[in-house]
Amino acid sequence: MSGVSIVPGKTKIGWIGTGVMGRSMCGHLMNQGFQATVFTRSRDKAQDLLDKGAAWAASPKEVAEQSDVVFAIVGFPSDVREVFLGAQGALAGSKAGNVLVDMTTSEPSLAVEIYEAAKAKGVHSVDAPVSGGDVGAKEARLSIMIGGDADVVSALQPCWEAMGKTIVHQGAAGAGQHTKMVNQTLISTMMIGVCEALLYGYKAGLDLETVMKSVSTGAAGSWSLSNLGPRIMVNNFDPGFFVEHFIKDMGIALAESRKMGLSMPGLALAEQLYQSVKAKGWGRNGTHALMLTLAEMSGVDWPNRA
């Protein structure tokens, strides 16, 4: 990418997927002066970005035709494949020198496939999944895990800085996705601990707000406890990250672990518990809705606690 610079006000960006996180992330780029063209399956979800001055495109291909750099954060690997490699996908609308950036949590092998397909057309591709949920997206404090060519990753620095706080180039194509699998494995069993601990405290008759003062800042502290614990305590299970998407992530991590010959019993347990959460109708709630299944298993009517 020698000789090419990415500059707010000059470089045109495209954005595909304006859900819980994508809407805020694209908004931050626009706040930095990037002119944006957007596409999402439900146009109403992009309305605030359109009101802010973004242009609308009818397909990912049209987004790419109007952009120098195309970002996407969608739901599942099948969606990633469609928006990048489909007949109406971003690669089909890209010209040599353009950059494709997938910020969805997806399969490492698919990241490599997109990279190779893009390279054959003279287009650059980067996988850059993120962690931090809706709060991190809104506050531009995401952790961005990046796989791809070093010069391309470096050129994108103004974009990374607009959206995140922890920005790390992990290696070649697919390395960002592998790093996100490490992240999701950590979260999977951590959420079990957070929910079981709060359930224990509640059943023991403790005031959970007071308990949090003691445990959240010590060795037991975690992002999940500090950020999602308070939501659990007030029965707010709105999604910072959907349960059904987390199940997808754990499935990818388990599949990758099998390829490497790893035994991951903790991850497997978490995945099964979350399958129960989804089966009970809470798949579109946040990952902390694990509490609802764990409480039900113990006969605790958590949703109706005072």
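Checked against the criteria, Arg231 counts as outside any loop (DSSP other than H, G, I, E, B), surrounded by 13 or more Cβ atoms within 10 Å (Cβ to Cβ) and at negative phi. Picking from residues in segment 257-281 that are over 21 Å from the mean Cα position of the chain (by Cα) and of a type in the set (Ser, Thr, Tyr), the one that is surrounded by the fewest Cβ atoms within 10 Å (Cβ to Cβ) is Ser263. Per the conditions (1) outside any helix (DSSP H, G or I); (2) crowded, with 20+ Cβ neighbours inside 10 Å; (3) of a type in the set (S, T, N, Q), the sole criterion not satisfied by Thr179 is (1).
Evaluated against (1) closer than 25 Å to Asp151 by Cβ; (2) more than 20 Å from the chain's Cα centre (by Cα); (3) not hydrophobic (A, V, I, L, M, F, W, C), His28 falls short on exactly one condition, (2). Among the residues of segment 198-207, at least one is of a type outside the set (Phe, Trp, Tyr), buried (at least 21 other Cβ atoms within 10 Å of the Cβ) and in the same structural domain as Met297 (by TED's automatic domain parsing). I'd like to know if segment 149-165 contains one or more residues that are closer than 30 Å to Pro265 by Cβ and either at pLDDT 95 or above or among the aromatic types (Phe, Trp, Tyr) (or both). Scanning segment 149-165 turns up no residue that is closer than 30 Å to Pro265 by Cβ and either at pLDDT 95 or above or among the aromatic types (Phe, Trp, Tyr) (or both).
Restrict the check to segment 235-256 and report whether at least one residue is surrounded by 12 or more Cβ atoms within 10 Å (Cβ to Cβ), over 19 Å from Thr105 (Cα atoms), acidic (Asp, Glu) and not assigned by TED's automatic domain parsing to the domain that holds Val130. The answer is yes; a qualifying residue exists. Of all the criteria given as (1) touching a Phe, Trp or Tyr at 6+ places or on another chain (Cβ under 9 Å); (2) within 23 Å of Val243 (Cβ to Cβ); (3) in contact (Cβ under 8 Å) with a residue 40 or more places away in the chain, the one not satisfied by Met190 is (3). There is no residue in segment 130-146 that is within 27 Å of Glu65 (Cβ to Cβ), charged (D, E, K, R), in contact (Cβ under 8 Å) with a residue 60 or more places away in the chain and touching a helix residue (DSSP H, G or I) at 6+ places or on another chain (Cβ under 8 Å). Are any of the residues in segment 240-255 over 24 Å from Tyr202 (Cβ atoms) and over 16 Å from the mean Cα position of the chain (by Cα)? Looking for residues that are over 24 Å from Tyr202 (Cβ atoms) and over 16 Å from the mean Cα position of the chain (by Cα), one finds at least one in segment 240-255, hence yes.
Looking only at residues in segment 90-109 that are touching a residue at least 60 places away in the same chain (Cβ under 8 Å) and surrounded by fewer than 24 Cβ atoms within 10 Å (Cβ to Cβ), the one that is nearest to Pro77 (Cα to Cα) is Glu107.
Check segment 132-139 and report whether any residue there is surrounded by fewer than 22 Cβ atoms within 10 Å (Cβ to Cβ) and assigned to a loop (DSSP other than H, G, I, E, B). Among the residues of segment 132-139, at least one is surrounded by fewer than 22 Cβ atoms within 10 Å (Cβ to Cβ) and assigned to a loop (DSSP other than H, G, I, E, B), which makes the answer yes. Summed over segment 277-306, residues that are farther than 18 Å from Gln184 by Cβ and either aromatic (Phe, Trp, Tyr) or in a helix (DSSP H, G or I) (or both) total 14. Scanning segment 61-89 for residues that are among the small types (Gly, Ala, Ser), touching an Asp or Glu at 6+ places or on another chain (Cβ under 9 Å) and surrounded by 23 or more Cβ atoms within 10 Å (Cβ to Cβ) yields Ala72, Gly89. Against the list (1) surrounded by fewer than 24 Cβ atoms within 10 Å (Cβ to Cβ); (2) more than 19 Å from Lys165 (Cα to Cα), the condition Phe39 fails is (1). From the list Gly171, Gly164, Gly176, Gly193, the one residue that fits, being of a type outside the set (D, E, K, R) and on the phi > 0 side of the Ramachandran plot, is Gly171. Condition test on Leu186, is it outside any loop (DSSP other than H, G, I, E, B), under 13 Å from Ala289 (Cα atoms) and not assigned by TED's automatic domain parsing to the domain that holds Ser106? Taking the combined requirement at face value, the residue does not satisfy it.
The values are calculated or read from the model by the stated rules, or taken from the named source; none is laboratory data. All values reported here derive from a predicted model rather than from experimental measurement. Here Cβ is always computed from backbone atoms with ideal geometry, including for glycine, and neighbour counts include all displayed protein chains.
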